[in-house]
Amino acid sequence: MSQPRIGLALAGGGPLGAIYEVGALCALEEAVDGLDFTACDGYIGVSAGGFIAAGLANGMTPRQLCAAFIENTAEAPDRFDPAELLQPAWAEFGQRLSLLPRLLRDAAREVLLEGRSRLSAIERLGRVLPTGLLSSERFGEALTRVFAVPGRTNDFRELGHRLVLVATDLDTGEAVPFGTDGWDHVPISEAVQASAALPGLFPPVEIDGRHYVDGALKKTLHASVLLDRGLDLLICLNPLVPYASDRLSHRERRSRHAKKLASKLGRAAGRALQPRIHRLGRRPAAGAVADLPLADPLAAGAGPARLRAQPPADRHRAVRARPAGRRVLPRQHLQLQPAPPPRRARLPVDT
């Protein structure tokens, strides 16, 4: 019986995402007998996942990656130093500052001689801002040393397994799969740099006259690149889980319900009750007695109103509301209704 063809797809997520993926790979290898992530038929990595995928394709086990990237117990050159990702982009700063004299001269000419607005001159000066704050050059050099160890390679074409690292072309916005035909001449270390160049944090990486940034700008996984190779199983690790932002808390649902009830009273009564309507959206604990400030509908021209209290023992007893008064009443049995004329409106409180 032939062995199943297994592929591995690793998404981005920054340093924390890489730590998550390394831990998940270690756990999977320990839990599944015969699973070897250094012997997969194909790898695809995006952003931080590209660094992990490149190491696995070069024969580095998940435990070795853990020692190098998380525990920092590996020997040089495998040991990863986080300071390599925190180097200021001095070259980018110097290149941008060198443009300042020419940009100032052009801006002054446009305002003084051509009569253009100052806003357009300020927009021209925006070109002096750096495209990234940190440099990835030290990180790329460290990867080059890691892949120079005997038994490893920095060339896609010399790997024993297919490795694809996805970056985004800054000019066209298209996803570029480094490692596939036509893109396999790029060094692996440079492809990892390009795939992890988060805009605003790292400057774009220039390869063959084009500029590339983080591959996660298009998709977080790009698993379809490996699915087209006819794999039997594709294992995907994605630290970037979706967030359900449409869920409302209990308090928010009660508040919305109370506002809907206020809208049914009409504009005048709604304006009078709006400052305190959120209080009706809060349910007190069982048996609690709430101090409910009474609104003054008369001030808003809503007509006379009365507050009717209906305790369980006497549901027909009514307590008349006073405009400047405060009463301590069980909230569970409160109903506020304008008395006719001209119309009758009810505000039932949900129990």
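What follows draws every value from the coordinates through simple rules; no lab data is involved. All values derive from a computational prediction rather than experimental measurement. Quick reminder, even Gly has a Cβ in these numbers, built from the backbone with ideal geometry, and neighbours come from all protein chains shown.
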Leaving out same-chain residues fewer than 8 places away, which aspartates and glutamates sit with a Cα under 14 Å from that of Lys218? Asp169, Asp171, Glu174
Students often check this: by mean Cβ neighbours within 10 Å, which of 76-83, 220-227 ranks highest, and how do the rest follow? 220-227, 76-83
What ranking, highest mean first, results for peptides 110-117, 64-71 when packing means the other Cβ atoms within 10 Å averaged over each residue? 64-71, 110-117
Per-peptide average of other Cβ atoms within 10 Å, ordering 11-18, 45-52, 164-171, 87-94 highest first: 45-52, 164-171, 11-18, 87-94
